[in-house]
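Right, one structure below, let's go through it.
The values are calculated or read from the model by the stated rules, or taken from the named source; none is laboratory data. The model shown is predicted, which means the values in this text are computed figures rather than measured ones. As a convention, Cβ positions derive from the backbone with ideal geometry for all residues, glycine included, and neighbour counts pool all protein chains shown. These area figures cover heavy atoms from the full protein model, side chains too; ligands, DNA and RNA do not enter into them. Shrake-Rupley method; radii C 1.70, N 1.55, O 1.52, S 1.80 Å.
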Amino acid sequence: KAWLFGSFARGNVTDDSDLEYIKGKGTLIVGITDFAPMDYKDDNGEWIGYDADLAKKVAESLGVEVEFVEIDWDNKILELQNKSIDVVWNGMTLTPEVTNAMECTDPYLNNAQVVVVSSDKAAEVTTVEEAAQLSFAVESGSAGEAAAEENGFNYVAVKSQADAVMEVSAGTSDACIIDLLMAGAMVGEGTSYDSLTHTVELTTEEYGIGCRKGSDLAAYINDELKALYEDGTMEEIANTYGV
């Protein structure tokens, strides 16, 4: 596990700030996808996960309720701008597109994009060159799709990373590209997809949380995450979800 913290600066809260807008309506609306171990539903249909639990802590510190809304990942920037959501908090890779369009927090977690294949094929897929011979499923608009494009892979885009894994399990795609953290939770021994495994690591990346451009919420979240890290809460949550 790797937590990343840069210099945290508290933003000035003004009457017309995003923080005041969120406090005024009494809810922090968090845009997510179904992405274990970051955001996913428990047996009672409640959203839990590493990111979900952190978001709940931040909402609590603001004195507001938290609401999780599943979004189309391709539309995350538009959802923010339209105020359909207040924050994108879902294992989001800090790409140039994201950092240019959103007010992002400092990186808080390291991750990678990895190739997932059937366990019986794993020995044949140990390099990018070997992976290039396969057909892939990737989440539309994700870092996995960017990795597929960068490496010239043949792929189809699906709605979510979970759908990409299902494509491999069903045999409709040879492989998929998903986040290493998700692969650790979803594939391999003791998981729902014990016949799948991850092999080649295509990229390394940093996760951040996205707010509206110019929003003072990003600096506030930075401060809260720093406090949660220093008091051990972040590590406790990480251990709960195997992050």
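Observations, loosely collected:
- Qualifying residue in the range 65-72 (condition: more than 18 Å from L196 (Cβ to Cβ) and open to solvent by less than 30 Å² (accessible area, probe 1.4 Å)): yes
- Residue that is among the aromatic types (F, W, Y), surrounded by fewer than 20 Cβ atoms within 10 Å (Cβ to Cβ) and over 30 Å from A148 (Cα atoms), where the choices are Y220, Y229: Y229
- Filtered by the rule that a residue be under 22 Å from G24 (Cα atoms) and either in contact with a strand residue (DSSP E or B) (Cβ under 9 Å, 6 or more places away or on another chain) or touching a residue at least 60 places away in the same chain (Cβ under 8 Å) (or both), the range 53-63 gives L54, A55, K56, K57, V58, A59, E60, S61, L62.
- The set of residues from the range 23-49 being open to solvent by 10 Å² or more (accessible area, probe 1.4 Å) and within 15 Å of I237 (Cα to Cα) comprises A36, Y40, W47, I48.
- Filtered by the rule that a residue be over 23 Å from T240 (Cα atoms), within 17 Å of the chain's Cα centre (by Cα) and of a type in the set (V, I, T), the range 166-185 gives a lone residue, I177.
- Within the range 146-172, the set of residues being of a type in the set (A, V, I, L, M), open to solvent by 10 Å² or more (accessible area, probe 1.4 Å) and assigned to a helix (DSSP H, G or I) comprises A146, A162, M166, A170.
- Checklist (1) modelled with pLDDT of 95 or more; (2) farther than 21 Å from V88 by Cα; (3) outside any helix (DSSP H, G or I) applied to E189, failing item: (1)
- Considering A175, A137, A143, the condition of being in contact with a strand residue (DSSP E or B) (Cβ under 8 Å, 6 or more places away or on another chain), modelled with pLDDT under 95 and surrounded by 15 or more Cβ atoms within 10 Å (Cβ to Cβ) is satisfied by A143 alone.
- Some residue of the range 131-140 being part of a strand (DSSP E or B), of a type in the set (V, I, T) and within 19 Å of V243 (Cα to Cα): no
- Condition met for T99 (among the polar types (S, T, N, Q), open to solvent by 10 Å² or more (accessible area, probe 1.4 Å) and under 12 Å from the mean Cα position of the chain (by Cα)): no
- Matching option when the condition is open to solvent by 30 Å² or more (accessible area, probe 1.4 Å) and part of a strand (DSSP E or B), among T126, T203: T203
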